[in-house]
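The values are calculated or read from the model by the stated rules, or taken from the named source; none is laboratory data. Note that the coordinates shown come from a computational prediction; the quantities given were computed from them, not determined experimentally. Here the Cβ positions follow ideal geometry from the backbone for every residue, glycine too, while neighbour counts run over all protein chains shown.
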Amino acid sequence: MAALTELSLLEARDLVRKGEVSAEELTAACLKRIEETEPKIGALLARRDEEALEEARAMDKNRPADLSDKPLWGVPVTVKDVLTLKGLPTTAASKILEGFCPPYDAMVVEKLKNAGAVILGKNNMDEFAMGSTTEHSAWKVTANPWDVTRVPGGSSGGSAASVAACQCFASLGSDTGGSIRQPASLCGCVGIKPTYGRVSRYGLLAYASSFDQVGPLTRTVEDAALVLQVIAGHDRRDSTSSPVPVPDYGAALHKKSDLSGLTFGLPREFFGHDGLDAGVAKACDDAVNAARSLGAKVVEVSLPHTEYAIASYYILAAAEASSNLARYDGVRYGHRTANPKNLEDMYTLSRTEGFGAEVQRRILLGSYVLSAGYYDAYYRKAAQVRRLIRQDYLNALENCDMLLAPVSPVPAWQMGHMSDDPLQMYFMDIFTLSLNLAGLPGLSIPAGMSSGLPVGVQLMGRAFDESQLFAAGDKLTRTLGTHNQHAPL
Ligand code: GLN
């Protein structure tokens, strides 16, 4: 039998349910795995080993007879450091929040706890979720568990590395322009960015509020469906959370044994892209062939405004970030400069010392595009382009049930390779961020390998149609042989 930590979340959970493994044993196994792997990958920031073990022990002792409303009973998970967890340092990997211990749990953390999950700690990330490599953390760099000289992707790179290295059975990340799907792809695991509004952002440290969504990273599609089931739904504390009822994702996933009746659309602009790695193109081909062999139809579709997605996203996201990050002023939380001469000096120095280079770049860019003389030329224009991009998706999804596309143009790259060139890093987001501009859901699934590194493909669907993505992703990963894979670390 595979090591306990290598099981899927559902397999591990069922062992605990049947009483064959205790919550304490499962938690101890993950903590041991963390001890073994953490020196090599550095996926975690704050940890709560003792508390987690104690919680697991207490759960074993006071186990309810009926676990039907505890779908994650005894399952160890981690969460990205962008989500508040009461009493544990939460910094969004930024110095500006050094020493900040939130007095409340994010809604999604509360939901994990209510479902019986054991939270092991917080995952490293790019500062305030700005980045695609997890090299922009104020605290440390996370390595890709498939090759520790390479980046795990970002900004939820710590989450993806933890899951791929079997430190936990699931992690929550956030996706503003690809930060769940891209690290999932680079680390060979599963990640879903739900429809905008599907999951409450109460307790999520905001980056760009009209884009941010929370979602799970796991090793199987079924596990992602279960975790999304737990965290999805309306929350009166987040007015952008949707009242649309949450369907039974698990039931939808098992309704059919093939993909007959489904049409997959391949966006022409994505596949014609110059920078597409041959191994990534091959993984997409394999996924397309697998879909066909399962009875699906495949058509070509067009997203004609794709070339404007990067410009539109980086203007709008920076604008929103500059406004969201204004709250970190040295007064209310986290870092404050030591010897300011006056009030203005206190604001300026606290923010200069507290924010890293990438975050400062975004604040500058965002303030610029929102300023009186440039608002119409940049911000308004980018918002108009956003509407066109959303319309592209809606049109394409009239001719198919979901789109199938690459996630990242290339597999995981060497650390340091793009750290001096932000623009080159922004270009790496070409296939992920237009979906956030459109507010639609996207599931990244592992689809194969390119020169020894994992490659993912994404399925992108209609608003609130996560069920369909899960159903297709589950069958595709089983056919491609990528169901429940982990890094050989
Ligand atoms: N790489 C993108 C950015 O830096 C996306 C990040 C994200 O999704 N949080 O903005």
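Quick notes on this structure:
- Residue 472 vs. criteria of a type in the set (A, V, I, L, M), away from the ligand (no atom under 14 Å from the Cβ), crowded, with 24+ Cβ neighbours inside 10 Å and over 30 Å from residue 243 (Cβ atoms): no
- Among the residues listed as 205, 186, the single one being surrounded by 24 or more Cβ atoms within 10 Å (Cβ to Cβ), more than 29 Å from residue 73 (Cβ to Cβ) and among the hydrophobic types (A, V, I, L, M, F, W, C): 186
- Picking from residues in region 389-447 that are touching a Lys or Arg at 6+ places or on another chain (Cβ under 6 Å) and assigned to a helix (DSSP H, G or I), the one that is farthest from the ligand (Cβ to nearest atom) is 438.
- Close pairs (8 angstrom Cβ cut-off, 6 or more residues apart or separate chains): touching a residue at least 24 places away in the same chain (Cβ under 8 Å) in region 149-162, in a helix (DSSP H, G or I) and polar (S, T, N, Q) anywhere: 153/182; 153/185; 154/182
- Residues (part of a loop (DSSP other than H, G, I, E, B) and touching a residue at least 40 places away in the same chain (Cβ under 8 Å)) located in region 297-329: 302, 303, 304, 305, 328
- Here residue 135 meets the list (1) away from the ligand (no atom under 13 Å from the Cβ); (2) surrounded by fewer than 24 Cβ atoms within 10 Å (Cβ to Cβ) almost entirely, failing just condition (1).
- Matching entry among 274, 258, 238 (being without any contact (Cβ under 8 Å) to a residue 12 or more places away in the chain, surrounded by fewer than 24 Cβ atoms within 10 Å (Cβ to Cβ), acidic (Asp, Glu) and in a loop (DSSP other than H, G, I, E, B)): 274
- Positions within region 138-157 being more than 16 Å from the ligand (Cβ to nearest atom), more than 15 Å from residue 38 (Cβ to Cβ) and not hydroxyl-bearing (Ser, Thr, Tyr), in sequence order: 146, 147, 150
- Condition broken by residue 174, with the remaining ones in (1) over 24 Å from residue 322 (Cα atoms); (2) buried (at least 24 other Cβ atoms within 10 Å of the Cβ) satisfied: (1)
So that you can scan it fast, the table gives a plain yes or no per residue for (1) closer than 29 Å to residue 54 by Cβ; (2) buried (at least 24 other Cβ atoms within 10 Å of the Cβ); (3) at pLDDT below 95:
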site: 70; (1), (2), (3): yes, no, no
site: 83; (1), (2), (3): yes, yes, no
site: 86; (1), (2), (3): yes, no, no
site: 110; (1), (2), (3): yes, no, no
site: 130; (1), (2), (3): no, yes, no
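- Residue 9, sole failed condition from (1) over 25 Å from residue 483 (Cα atoms); (2) touching an Asp or Glu at 6+ places or on another chain (Cβ under 9 Å): (1)
- Residue 455 being more than 16 Å from the ligand (Cβ to nearest atom), at pLDDT 95 or above, touching a helix residue (DSSP H, G or I) at 6+ places or on another chain (Cβ under 7 Å) and not in a helix (DSSP H, G or I): yes
- Segments classed as helices (runs of 4 or more DSSP H), wholly inside region 2-100, with at least 3 members that are touching a Ser or Thr at 6+ places or on another chain (Cβ under 7 Å) and within 23 Å of residue 145 (Cβ to Cβ): 23-41
- Answer residue from region 158-179, given it is hydroxyl-bearing (Ser, Thr, Tyr) and within 12 Å of the ligand (Cβ to nearest atom) and is farthest from residue 80 (Cα to Cα) among those: 176
- Only one entry of 336, 327, 332, 361 meets the criterion of being touching a Gly at 6+ places or on another chain (Cβ under 8 Å) and charged (D, E, K, R), and that entry is 336.
- Residues of region 299-326 satisfying the condition of being among the aliphatic types (A, V, I, L, M) and surrounded by fewer than 16 Cβ atoms within 10 Å (Cβ to Cβ): 299, 311, 326
- Qualifying residue in region 102-110 (condition: charged (D, E, K, R) and within 16 Å of the ligand (Cβ to nearest atom)): no
- Selection status of residue 269, within 30 Å of residue 388 (Cβ to Cβ), surrounded by 15 or more Cβ atoms within 10 Å (Cβ to Cβ), among the acidic types (Asp, Glu) and within 16 Å of the ligand (Cβ to nearest atom): no
- Among residues of region 112-128 being outside any loop (DSSP other than H, G, I, E, B) and of a type in the set (A, V, I, L, M), the one that is surrounded by the fewest Cβ atoms within 10 Å (Cβ to Cβ) is 119.
- Selection count where residues are away from the ligand (no atom under 16 Å from the Cβ), of a type in the set (Val, Ile, Thr) and part of a loop (DSSP other than H, G, I, E, B), scope region 180-202: 0
- Exclusive hit being over 25 Å from residue 113 (Cβ atoms) and either assigned to a loop (DSSP other than H, G, I, E, B) or modelled with pLDDT of 95 or more (or both), set 173, 154: 154
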